[in-house]
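The values are calculated or read from the model by the stated rules, or taken from the named source; none is laboratory data. Bear in mind the structure is a predicted one, so any value in this text is a computation, not a measurement. In this analysis, Cβ positions are derived from the backbone assuming ideal geometry, glycine residues included, and neighbour counts consider all displayed protein chains. Ligands, DNA and RNA are excluded from the accessible area calculation, which covers all protein heavy atoms including side chains. Shrake-Rupley method; radii C 1.70, N 1.55, O 1.52, S 1.80 Å.
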Amino acid sequence: MSQSIRTPLMFALVALLFILQGSTDWWIFAGSWNASLAILNMALVSAVMALGVNLQWGYAGLFNVGVMGFVALGGLATVLVSMPPTPGAWSAGGFKIIAGLVLGAATIVLMIWQFKHMTKGRRRNLIMLATLIAGFFLFRWIFDAGVAGVEAVNPAQTGYLGGLNPGGQDNYRAHGYMTLLAWPVGGLLAAGAAWIVGKTALGLRSDYLAIATLGIAEIIVAIIKNEDWMARGVKNVIGLPRPVPYEVDLQRSADFVAKADALGMNVTTASTIAVKLSYSVLFTVVLIVLIVLAQLSLHSPWGRMMRAIRDNEVAAQAMGKNVTGRHLQIFILGSALCGLAGAMMTTLDGQLTPGTYQPLRYTFLIWVMVIVGGSGNNLGAVLGGFLIWFLWIQVEPIGYWAMTLVTSGLADGSALKTHLLDSAAHMRLFSMGVILLLVLRFSPRGLIPEK
């Protein structure tokens with residue numbers, strides 16, 4: 001089957017899964033459009049993440065397993081932009097925190113200057129050591145005082161600096177557009193972190209790069225969890241403003257109630273579907289724009305250069321290409337997409353919960369999406385995002401159906417039958433492994449392989 005036929009056919013089959021999920025309760029399907037749209041929205045976000053990883057791995061062969069760190073930075077950006085400032089927090093210690101961070105950065109810059117411009121020897125080493133010690137203690141003296149002040153401001157409800165929303169504590173939800181502004185900020189924040197990571201780690205071999213990116217991602221998540229002044233840490237920030245209407249507002253609208261009645265729908269169900277559908281439209285627009293840009297870059301001279309570097313770095317260097325510079329470039333771009341996806345996901349959840357940033361969900365699963373869909377193919381990565389997320393959510397009904405089939409010959413009340421049926425809910429990892437093995441066996445280059 002030619003790829004021009006295979007690609008639309010694969011997308012049509014995946015679309016059919018979502019249609020069946022919403023329209024029928026046959027077999028494993030729920031027969032609920034609310035359930036279908038809920039899966040679709042996270043699938044759209046996952047597709048953006050998969051696209052970012054595909055840029056790094058499919059274009060340049062960079063093995064980044066620190067996806068969750070950049071996703072977490074995107075979520076942090078949503079809080080920093082869309083939430084209102086906490087009353088009294090800046091005067092209590094916010095300016096001290098900023099001053100401490102600036103002082104810490106200035107200490108590092110000064111040490112770099114000393115290393116580059118002073119004569120090598122014992123004198124330089126002693127001056128750098130003195131700069132480090134003095135800068136560290138001064139930084140902690142100012143920074144810690146600021147943190148203590150901010151975290152003491154109404155810690156049960158706030159205890160953090162807040163964001164940039166102009167609505168204040170009472171009217172910030174009316175400024176839902178601030179959440180949309182947070183999405184590109186999330187991408188920029190992740191890109192900035194990727195530049196720092198890339199400068200320090202991209203000289204490593206693929207396996208060491210993977211270890212380094214995983215470690216740095218864990219550091220990022222640990223900082224977000226423990227620095228309460230930034231985003232409340234594990235106490236979570238809830239009630240983020242929405243870029244779409246609230247269900248309760250739709251239910252109070254006479255026009256919306258009339259439209260729901262005309263469609264023969266319960267107004268509560270109609271409002272939840274309308275909200276989820278609004279998110280779907282927003283996420284789809286973002287994904288389409290990113291796919292178009294990714295495809296244009298793939299078929300440009302830059303894209304051909306990146307694939308040439310991926311296939312043979314030595315030959316590319318011999319042709320005068322700056323391999324390290326291009327690797328840094330693509331690493332930043334891919335990480336920016338992960339940060340954008342993290343901001344979108346936090347917007348969809350309506351809260352920032354750092355405790356949920358687990359490697360399984362944001363690294364292993366995204367890599368499975370890229371491999372199953374087809375690494376090196378942007379449309380393949382997107383397809384993998386839709387398919388794998390749908391299967392990830394539907395594993396429990398699929399597992400229960402499979403276990404029912406397997407145990408159909410056993411007597412009701414059998415201890416083995418009861419155990420197997422109760423274990424159906426825990427088949428996610430096993431199922432993902434089986435799917436990955438089947439794809440690698442029968443289509444090792446993915447469902448939509450690179451041309």
Next item on the list: Considering each of 213, 179 in turn, give the residue that is open to solvent by less than 80 Å² (accessible area, probe 1.4 Å), more than 30 Å from residue 91 (Cβ to Cβ), assigned to a helix (DSSP H, G or I) and touching a residue at least 24 places away in the same chain (Cβ under 8 Å).
Entry: 213
Next item on the list: Out of 15, 50, 43, report the one residue that is closer than 19 Å to residue 285 by Cα and free of Cβ contacts under 8 Å to residues at least 60 places away in the same chain.
Entry: 15
Item checked: Those residues of region 139-162 which are open to solvent by 80 Å² or more (accessible area, probe 1.4 Å) and not basic (Lys, Arg), in sequence order -> 141, 156, 157
Next item on the list: List every residue pair whose Cβ atoms lie under 8 Å apart, where the two residues are 6 or more positions apart in sequence or sit on different chains, the first residue falls within region 140-159 and is touching a residue at least 40 places away in the same chain (Cβ under 8 Å), and the second residue, located anywhere, is of a type in the set (Phe, Trp, Tyr) and assigned to a helix (DSSP H, G or I).
Entry: 146/95; 146/229; 147/229; 150/229; 151/229; 159/229
Next item on the list: Working carefully through the options 382, 323, 368, 372, find the one that is over 20 Å from the mean Cα position of the chain (by Cα) and either β-branched (Val, Ile, Thr) or closer than 26 Å to residue 212 by Cα (or both).
Entry: 323
Next item on the list: Output yes when any residue across region 316-328 is open to solvent by less than 60 Å² (accessible area, probe 1.4 Å), within 30 Å of residue 280 (Cβ to Cβ), part of a helix (DSSP H, G or I) and out of contact with any His (no Cβ under 9 Å at 6 or more places or on another chain), and no when none is.
Entry: no
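When the residues of region 367-381 are narrowed to those that are β-branched (Val, Ile, Thr) and open to solvent by less than 20 Å² (accessible area, probe 1.4 Å), which ends up nearest to residue 429 (Cα to Cα)? Steps first, please.
Taking region 367-381 as the starting set, the residues that turn out to be β-branched (Val, Ile, Thr) are 368, 370-372.
Remaining after also requiring open to solvent by less than 20 Å² (accessible area, probe 1.4 Å): 368, 370, 372.
On the way: 368: 11, 370: 17, 372: 15 Å.
Only one residue fits best here, namely 368.
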Check: Restricting attention to region 1-29, and to residues there that are more than 21 Å from residue 384 (Cβ to Cβ) and not hydrophobic (A, V, I, L, M, F, W, C), which single residue is surrounded by the most Cβ atoms within 10 Å (Cβ to Cβ)?
Finding: 22
Check: Just wondering, is there one or more residues in region 85-96 that are touching a Leu at 6+ places or on another chain (Cβ under 9 Å), open to solvent by 80 Å² or more (accessible area, probe 1.4 Å) and either closer than 30 Å to residue 239 by Cα or in a helix (DSSP H, G or I) (or both)?
Finding: yes
Check: Of all residues in region 182-200 being open to solvent by less than 20 Å² (accessible area, probe 1.4 Å) and not aliphatic (A, V, I, L, M), which is modelled with the lowest pLDDT?
Finding: 198
Next item on the list: Within region 43-62, identify whether any single residue is hydrophobic (A, V, I, L, M, F, W, C), farther than 19 Å from residue 378 by Cα, in a helix (DSSP H, G or I) and open to solvent by less than 20 Å² (accessible area, probe 1.4 Å), and answer yes or no.
Entry: no
Check: Within region 323-335, can one find any residue that is touching a helix residue (DSSP H, G or I) at 6+ places or on another chain (Cβ under 9 Å), within 30 Å of residue 274 (Cβ to Cβ), touching a residue at least 40 places away in the same chain (Cβ under 8 Å) and of a type outside the set (Ser, Thr, Tyr)?
Finding: no
Next item on the list: Output the residue which, of all residues in region 63-84 that are β-branched (Val, Ile, Thr) and assigned to a helix (DSSP H, G or I), is surrounded by the fewest Cβ atoms within 10 Å (Cβ to Cβ).
Entry: 81
Note to self: Just to be sure I understand, how many residues within region 30-42 are of a type outside the set (A, V, I, L, M, F, W, C) and open to solvent by 10 Å² or more (accessible area, probe 1.4 Å)?
What the structure shows: 3
Notebook entry, point to check: What are the residues in region 346-355 that are under 20 Å from residue 40 (Cβ atoms) and either of a type outside the set (A, V, I, L, M, F, W, C) or open to solvent by less than 10 Å² (accessible area, probe 1.4 Å) (or both), if any?
Noted result: 346, 347, 349, 350
Item checked: Conditions (1) modelled with pLDDT of 85 or more; (2) open to solvent by less than 40 Å² (accessible area, probe 1.4 Å): number failed by residue 399 -> (1)
Item checked: Residue check, residue 225 of a type in the set (D, E, K, R) and under 17 Å from the mean Cα position of the chain (by Cα) -> yes
Check: Say we look at region 235-274 and pick out the residues that are basic (Lys, Arg) and in a helix (DSSP H, G or I); which of these is surrounded by the fewest Cβ atoms within 10 Å (Cβ to Cβ)?
Finding: 259
Next item on the list: Report whether or not residue 333 is more than 15 Å from residue 42 (Cβ to Cβ) and touching a strand residue (DSSP E or B) at 6+ places or on another chain (Cβ under 9 Å).
Entry: no
